[in-house]
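Comments concern the structure below.
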Amino acid sequence: TPRVEIPSKTATLYGGLGESDFADGSAIRDMVEHLRAGILPSTTIPNTFIRQLLGYPSIRYAYDCLRRIGVGPVSVSGAGPSLYALVTSWREAVEIAFRLPGDVGATTTVRTLPAAVSDQSAAEAAGVRRMALALRGVSES
């Protein structure tokens, strides 16, 4: 996550969107199909805000650092400023994190969960929520 201050970030970024920042969604659909097949997409992951965010020097610098060390698909998370890259292994993710210069900002390495684990976690979270509401004497309607 690059160090950057974007005043009134939400208003600024939404206000700066133009027609060229939107697409028909086919790139995302293609990416999903690749990921379901276990194949990393070979292109940048689409994000409506990337054009604007890459205009901030610290975000551009972090993005370029990831690309220079050979990371495949890189994008921004939501409305930024965090960047992420998709890789095929934990080892590769850790190696990338260690190769990034210290001045790119905070670096966090994470792993996605398989769908079965994610679904189970969601069910557990819903159960915890119901229990918390019951303890407060609130019924879920």
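The values are calculated or read from the model by the stated rules, or taken from the named source; none is laboratory data. Since the model is a prediction, treat every value here as computed from it, not as a measurement. Virtual Cβ from ideal backbone geometry, glycine too; neighbours counted across all protein chains shown. Areas reflect the complete protein model, heavy atoms only, side chains present, ligands, DNA and RNA absent. Shrake-Rupley method; radii C 1.70, N 1.55, O 1.52, S 1.80 Å.
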Discussion item. If DNA, RNA and ligands are ignored and the probe is 1.4 Å, what is the ranking of Phe22, Phe98 by accessible area, most exposed first?
Written reply: Phe98, Phe22
Discussion item. Let me check something: with ligands and nucleic acids excluded, how do Asp64, Asp30, Asp24 order by accessible area (1.4 Å probe), largest to smallest?
Written reply: Asp24, Asp30, Asp64
Response to the item:
So the FRET efficiency between Arg68 and Trp90, C-beta based with R0 = 22 Å and rounded to 0.05, is 0.50
Worksheet item: Ordered by residue, what ³J(HN,Hα) values in Hz, to whole numbers, does region 84-91 give under the Karplus form 6.51 cos²θ - 1.76 cosθ + 1.60, where θ = phi - 60° and Gly and Pro are x?
Response: 9, 9, 9, 10, 8, 8, 4, 4
Practice prompt. Would you calculate the volume per residue, in Å³, of the smallest convex hull containing every Cα atom of region 29-109?
Written response: 92 Å³
Worksheet entry | Net charge of neighbours whose Cβ lies under 14 Å from the Cβ of Pro57, counting Lys and Arg as +1 and Asp and Glu as -1 | -1
Response to the item:
Expressed per residue, the solvent accessible area of region 1-97 in Å² (1.4 Å probe) is about 60 Å²
Response to the item:
Rounded to whole angstroms and listed largest first, the alpha-carbon spread of region 1-74 along its three principal axes comes to 40, 31, 16
Response to the item:
Rounded to a whole %, the carbon-and-sulfur portion of the accessible area of region 32-95 at a 1.4 Å probe is 55 percent
